[in-house]
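Computed from the coordinates by the stated procedures, all read-outs in this text should not be read as laboratory data. All of these numbers come straight from a predicted model, not from anything done at the bench. Every residue, glycine among them, receives a Cβ derived from its backbone with ideal geometry; neighbour counts consider all protein chains shown.
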Amino acid sequence: MLRWEIDEIGRDRLELKSVPVPEPGPKEVLVRVGAVALNYRDKMVIETGRGLPLKFPFTPGSDLAGKVVGVGEGVTRFAEGDRVISTFTPDWIDGLRQGNARTPAYRTLGGYYPGVLAEYIAMSEEWFVTAPTTLDMVHAATLPCAGVTAWFALVERAGVQAGDIVLIPSTGGVALFGLQIAKANGAEVIVSGKAANAERAIALGADHYIDSDREDWVEAVYELTNDRGADHVLEVIGGPHLAKSVQLAAVGGHICQIGALEGFDISAPAMPLMLKDVTIHGIGTGSRRALTRLVRAVDQAKIKPVVDSTYAFADLHAAFDHLDKGPFGKVVIAVSELGEI
């Protein structure tokens with residue numbers, strides 16, 4: 001089979017190698033990979049390592065959809081022929097994630113654990129959930145990281161409800177999932193981003209779209225909400241941008257701190273944060289149980305993830321180049337004919 005590997009840090013070290021098909025061990029399933037959705041994090045791991053304990057040769061990627069084609073001894077959760085998707089944080093089954101005050105846990109696929117950019121993967125049956133019945137593999141592969149992050153933030157932590165106002169200051173992968181999930185829960189959604197993405201965001205369900213290059217875009221949110229502000233803000237930018245989210249949060253509002261595009265050192269004014277009784281949720285994807293609930297919601301609400309483009313398995317370098325350009329939605333690798341659309 002073919003598998004993408006690096007033998008040391010660097011994009012120039014990323015190569016497609018021929019290796020034996022793995023054998024599933026006890027409690028493991030062998031999955032034929034149909035599609036892998038890329039995250040910007042995958043690119044950062046390859047280029048910088050992100051301080052992770054990578055074991056070389058290392059295979060990147062975390063978000064797959066595929067079909068079980070073999071089972072090891074003692075497997076009970078899946079059978080041959082089942083369609084599955086991976087879990088981004090395999091050890092986090094439900095409840096609070098692992099880790100402690102001194103050392104928060106960051107054990108993910110394609111980082112602490114090996115990744116999934118391969119034609120076949122043998123991993124623990126606990127590391128997969130059943131794929132949605134309403135999605136092909138290209139679209140199903142987008143759920144394990146971006147999809148569950150938006151779901152866990154808005155539904156399981158912030159508790160979005162019908163009639164709430166949700167502000168999403170981006171049109172990236174998590175942001176567009178947030179838009180679709182918020183609308184499925186009956187919320188009014190304001191999206192801000194580049195003017196070129198306005199029509200597509202509105203077609204996807206956004207009630208209002210604000211050009212983020214406008215100097216007065218914060219004032220525009222106040223005007224749209226009659227000074228109420230947003231009940232929920234998906235803060236996918238980070239850094240000093242958190243200050244704007246605090247400004248725009250409604251009294252009793254929730255801010256879901258997810259991204260760090262503008263830096264990991266966030267900052268915000270304390271006075272409005274305190275006077276408006278704003279809750280900030282630190283979001284680091286979601287549990288396996290949350291992913292299972294998202295799958296049910298996708299099937300019931302007929303949510304179709306936004307895929308910007310699909311690349312062949314051999315064209316991973318071009319796909320990462322596309323990722324640098326800021327796609328509208330997800331970039332996905334079709335690994336085998338299972339992932340063809």
Low-density loop cleavage sites - GluC sites (Glu not before Pro) in region 1-103, where at most 10 other Cβ are within 10 Å (DSSP): Glu73
Size of charge dipole - the chain - debye, nearest 20, with Cβ of Lys, Arg +1 and Asp, Glu -1, no other charges: 660 debye
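So which GluC sites (Glu not before Pro) in region 183-261 are both in a DSSP loop and have at most 12 other Cβ atoms within 10 Å of their Cβ? Don't skip to the answer; put the middle values down first.
Values: sites: Glu188, Glu199, Glu215, Glu219, Glu223, Glu235; in loops: Glu215.
Counting only loop positions with at most 12 other Cβ atoms within 10 Å, the GluC sites (Glu not before Pro) in region 183-261 are Glu215.
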Listed residue (Ala318, Ser267, Ile280) projecting farthest to the positive dipole end of region 262-327, Cβ model: Ile280
Label-to-label distance, nm, for residues given as Met271 and Ala220 (7 Å Cα→Cβ offset): 2.7 nm
Signed unit charges on C-beta, dipole axis of the chain, positive-most listed residue Ala162, Tyr40, Trp127: Trp127
Pairwise centroid distance, computed over Cα atoms, of region 63-135 with region 271-341, Å: 16 Å
Amide proton proximity set for Ile210, modelled H, under 5 Å, gap of 5+: Val191, Ser192, Gly193
Rounded Å value of the spacing that divides the Cα centres of region 180-240 and region 1-56: 36 Å
Residue among His241, Gln257, Ala175 farthest towards the positive dipole end of the chain, charges placed on Cβ: Gln257
DSSP-defined antiparallel bridges as percent of all bridges, the chain, nearest 5: 55 percent
Pairwise Lys count, the chain - Cα closer than 22 Å, eight or more residues apart or different chains: 20
Distance between modelled label sites at Thr134 and Thr292, nm, 7 Å Cα→Cβ extension: 2.0 nm
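Pop the C-beta distance of Leu16 and Leu96 into the FRET formula with R0 = 45 Å and round what comes out to the nearest 0.05. Present the calculation step by step, with values, prior to reporting the outcome.
Numbers: r = 39 Å, r/R0 = 0.86.
Efficiency, rounded to the nearest 0.05: 0.70.
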Förster-model FRET efficiency, 56 Å R0, Ala122 and Ala196, C-beta, rounded to 0.05: 0.85
Which of Asp136, Asp315 has the fewest Cβ neighbours within 10 Å, and the rest in rising order: Asp315, Asp136
